[in-house]
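Participant: Quick one: the structure is below, and I'll ask about it shortly.
The values are calculated or read from the model by the stated rules, or taken from the named source; none is laboratory data. Quick caveat: nothing in here was measured; it's all calculated off a predicted structure. When we count neighbours, we look across all protein chains shown, and the Cβ atoms used for this are built from the backbone with ideal geometry, even at glycine.
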Amino acid sequence: MKWKILTYISLFLILPLLFKWYVDSKDFGKAIIFSMDKKPVVTKSVDPLFGTETTKTEWKSGFWLGLLPNDDSLSFNALIGVLPIGGFLIVVGGFGIFMNYRQKKKRK
Amino acid sequence: MFNNKLFAIIIALLIPIFSVQNSFSTSFNLKTSGEKKFEVNYKVSQPQVLFLSNAPLEDIRGSVNSESISGLITFDPANIENAKGIITIEVKGMETGIQKRNGHLYSKNWLDGETYPNITFNLIQLSGVKIASSDPAKGRATANAIASGTISIHGKLKTINVDVNITYIKESEETKKRASGDFLSVSGKFDVALKDFDITGAQGLIGSKVGEVINIDLSLFFSSK
């Protein structure tokens, strides 16, 4: 039974992960490939003096989850991405299914 | 008699020289002339340098912090072609949205910000100047031109031509609200191929995660000193 719970929990945790990626990507205005530390805030306005459109880019600090981590060093940050975390959860879920299957087989 | 002849010959020689010079000089016709020094001034408007890398894995959009952009141009509104100057961008003022990626950008494999802290564009001349509008009453004129000069990135020099839009505004009560002096704005777009500047990056990244060519989009605002 405990392996079944582990499987359900790990597979269930993938959903908020995907939801966070979806929300962050929507906020960013594009599908985020690499997790971001800053988001460009672009303000377009017409300069009354020059009569031309001016673009102002400011960077807002924060964290936006990407499919892949933005760090390639050997650190915890190198794991923060949908694919590594999601992959880990799938492996744990798969392990739970396998162990549950094994347990059932033993009982029989 | 001899003096008169000599004077006539000198005039005859000078006329074509002046005509040749005139044929290469374009004026904004704003009843103002004389070379002036123009400096990048944030009070006029915020300067903007954007860069875009298109690669199969990711598009990277970045910008340069306005404090890291400086420039000084010598410009005569009655002789636009004769403009000269230098624009400087600090490498460490470039922002890509990921702290780690900024570090990579400044590192030896990429722009090597320690050894080559600045990217510079040395404006040699403007050519192909076409006046788009000129309003002497408002003291405002715009033109399109080709800015020719040398760009230095990663310690390597390359001659480039950039299509630019120029706006000139004479000092008025309205301009004084922002800064003193005449105003000049220059905007343009151009591409930079990384291989032209011996930027090799980490192995295998150029062409997959970073584009081979970077698109630059700039808008700079100057005031005369």
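Participant: So A:Trp59 clears everything in (1) at the interface with another protein chain (Cβ under 9 Å from one of its Cβ atoms); (2) surrounded by fewer than 11 Cβ atoms within 10 Å (Cβ to Cβ) except one condition, right? Which one?
Facilitator: Of (1) at the interface with another protein chain (Cβ under 9 Å from one of its Cβ atoms); (2) surrounded by fewer than 11 Cβ atoms within 10 Å (Cβ to Cβ), only one is false for A:Trp59: (2).
Participant: Looking at A:Lys20, is it farther than 30 Å from B:Asp182 by Cβ, exposed (fewer than 12 other Cβ atoms within 10 Å of the Cβ), away from chain B (no Cβ under 13 Å) and under 18 Å from the mean Cα position of the chain (by Cα)?
Facilitator: On the way: farther than 30 Å from B:Asp182 by Cβ: yes; exposed (fewer than 12 other Cβ atoms within 10 Å of the Cβ): no; away from chain B (no Cβ under 13 Å): yes; under 18 Å from the mean Cα position of the chain (by Cα): yes.
So A:Lys20 fails the test.
Participant: Hey, another quick one. Kindly establish whether B:Ala141 is over 17 Å from the mean Cα position of the chain (by Cα), surrounded by 14 or more Cβ atoms within 10 Å (Cβ to Cβ) and either in a strand (DSSP E or B) or of a type in the set (Phe, Trp, Tyr) (or both).
Facilitator: In short, yes.
Participant: Let me ask something additional. I'd like to verify a number: residues in the range A:29-56 that are within 21 Å of the chain's Cα centre (by Cα), facing chain B (nearest Cβ under 8 Å) and among the aliphatic types (A, V, I, L, M), how many?
Facilitator: 2
Participant: Looking at A:Pro40, A:Pro69, can you tell me which residue is touching a strand residue (DSSP E or B) at 6+ places or on another chain (Cβ under 6 Å), surrounded by 13 or more Cβ atoms within 10 Å (Cβ to Cβ) and either small (Gly, Ala, Ser) or closer than 30 Å to B:Gly93 by Cβ (or both)?
Facilitator: Result of the check over A:Pro40, A:Pro69: A:Pro40.
Participant: B:Glu174 passes all but one of (1) in contact (Cβ under 8 Å) with a residue 24 or more places away in the chain; (2) within 11 Å of chain A (Cβ to nearest Cβ); (3) not in a loop (DSSP other than H, G, I, E, B); which number fails?
Facilitator: Tallying (1) in contact (Cβ under 8 Å) with a residue 24 or more places away in the chain; (2) within 11 Å of chain A (Cβ to nearest Cβ); (3) not in a loop (DSSP other than H, G, I, E, B), B:Glu174 fails exactly one: (1).
Participant: Looking at the range B:64-87, is at least one residue surrounded by 16 or more Cβ atoms within 10 Å (Cβ to Cβ), at pLDDT 90 or above and under 20 Å from A:Lys30 (Cβ atoms)?
Facilitator: No, the range B:64-87 contains no residue that is surrounded by 16 or more Cβ atoms within 10 Å (Cβ to Cβ), at pLDDT 90 or above and under 20 Å from A:Lys30 (Cβ atoms).
Participant: List pairs: first in the range B:123-135 and touching a residue at least 24 places away in the same chain (Cβ under 8 Å), second acidic (Asp, Glu), Cβ under 8 Å, 6+ apart or cross-chain?
Facilitator: Cβ pairs passing all conditions: B:Gln125/B:Glu81; B:Leu126/B:Glu81; B:Ser127/B:Glu81; B:Val129/B:Glu81.
Participant: Looking at B:Thr159, B:Thr200 in this structure, which one is away from every other protein chain (no Cβ under 14 Å) and closer than 26 Å to A:Phe34 by Cα?
Facilitator: One residue alone meets the criteria, B:Thr200.
Participant: Right, another one. Looking at the structure I just gave you, is B:Arg101 in contact with a strand residue (DSSP E or B) (Cβ under 8 Å, 6 or more places away or on another chain), at pLDDT below 95 and in a strand (DSSP E or B)?
Facilitator: No, not satisfied.
Participant: Starting from the range B:197-224, take each residue that is closer than 22 Å to B:Ile86 by Cβ and free of Cβ contacts under 8 Å to residues at least 60 places away in the same chain and list its partners that are surrounded by 20 or more Cβ atoms within 10 Å (Cβ to Cβ) and of a type in the set (A, V, I, L, M), counting only C-beta distances under 8 angstrom and pairs at least six apart or across chains.
Facilitator: Partner pairs satisfying both residue conditions: B:Phe197/B:Ile153.
Participant: Is it the case that A:Leu49 is surrounded by 13 or more Cβ atoms within 10 Å (Cβ to Cβ) and in contact (Cβ under 8 Å) with a residue 60 or more places away in the chain?
Facilitator: In short, no.
Participant: Further, regarding this structure: State which residue is farthest from the chain's Cα centre (by Cα) when the search covers only the range B:34-74 and only residues that are part of a strand (DSSP E or B) and of a type in the set (Ser, Thr, Tyr).
Facilitator: Going through the range B:34-74, the residues part of a strand (DSSP E or B) turn out to be B:36-40, B:48-54, B:59-64, B:69-74.
After this cut, where a residue has to be of a type in the set (Ser, Thr, Tyr) as well, the list is B:53, B:63, B:70, B:74.
On the way: B:Ser53: 21, B:Ser63: 16, B:Ser70: 11, B:Thr74: 11 Å.
Filtering the range B:34-74 for residues that are part of a strand (DSSP E or B) and of a type in the set (Ser, Thr, Tyr), the one farthest from the chain's Cα centre (by Cα) comes out as B:Ser53.
Participant: Restricting to the range B:161-171, count the residues that are part of a strand (DSSP E or B) and either touching a residue at least 60 places away in the same chain (Cβ under 8 Å) or among the acidic types (Asp, Glu) (or both).
Facilitator: First, pick out the residues of the range B:161-171 that are part of a strand (DSSP E or B): B:161-169.
Among the residues that remain, those that are also either touching a residue at least 60 places away in the same chain (Cβ under 8 Å) or among the acidic types (Asp, Glu) (or both) are: B:163, B:166, B:168.
Qualifying residue count for the region: 3.
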